[in-house]
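In what follows, a structure is listed as structure tokens, so that the remarks can point back to it.
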Amino acid sequence: MQRVKHHAYTLFGKLPKKMKKHLVRAVTPNYTVGSVVLLRDENDRLLMLRQPPNRGWSLPGGLINKRETPVDAAARELREETGVRLRPDQLTQAVPSAMVNPRTQQVDCVFTATVSSSVQVDPDPVEVIEAGWYRIGQLPPLSRPTANLLGHYGITS
């Protein structure tokens with residue numbers, strides 16, 4: 001078995017670079033990668049969104065564009081969905097900084113920030129049905145992925 005493995009690696013090493021790339025992409029799992037923001041106000045309330053088609057509430061966030069960094073995507077999604085403008089350097093990586101869901105093959109890069117309670121939230125009516133600030137322990141009904149993510153950070157409703 002070890003000998004077969006050795007020959008396979010040797011053969012793979014001799015393939016043209018482009019062919020190796022296609023072969024690796026064909027046989028390895030693909031993950032979608034997004035960024036999510038845990039945005040709190042100075043009263044320790046969490047900004048939650050109700051977005052179509054989800055039944056439960058979620059966090060500001062979305063998929064990372066090609067050649068976009070996770071923190072840039074987090075700032076962009078926050079701005080697009082809520083109107084809250086934060087520079088990437090105003091976002092801090094959560095600990096842990098990413099949540100990997102092998103079942104759904106999704107990776108969420110998670111960031112945190114705190115803003116004044118007077119910050120103006122202006123939700124995008126296409127992406128967001130409703131937005132609101134909620135105290136931890138008094139969160140609205142959450143989507144399953146959001147409940148799972150918040151649970152990893154010790155935040156429960």
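Values quoted throughout were computed directly from the atomic coordinates according to the rules given, and no laboratory measurement underlies them. Bear in mind that the values here come from a model prediction, so they are computed numbers and not experimental data. Neighbour counts are summed over all protein chains in view; Cβ atoms, including those assigned to glycine, are modelled from backbone coordinates with ideal geometry.
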Open item on the list: Can you give me the orientation-averaged projected area of the convex hull built on the Cα atoms of the chain, in nm²?
Closed with: 12.1 nm²
Task: Within the chain, helix-based [θ] at 222 nm, where runs of 4 or more DSSP H residues each add -39,500 (n - 2.57), nearest 500 - done: -9000 deg cm²/dmol
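From Cα pairs below 8 angstrom and at least 6 apart in sequence, can you work out the relative contact order of the stretch 1-138, rounded to a whole percent?
In percent, rounded to a whole number, it is 30.
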TODO: Pop the C-beta distance of residue 33 and residue 85 into the FRET formula with R0 = 25 Å and round what comes out to the nearest 0.05.
DONE: 0.60
TODO: Give me 32, 10 ranked fewest to most by other Cβ atoms within 10 Å of their Cβ, as a rough exposure proxy.
DONE: 10, 32
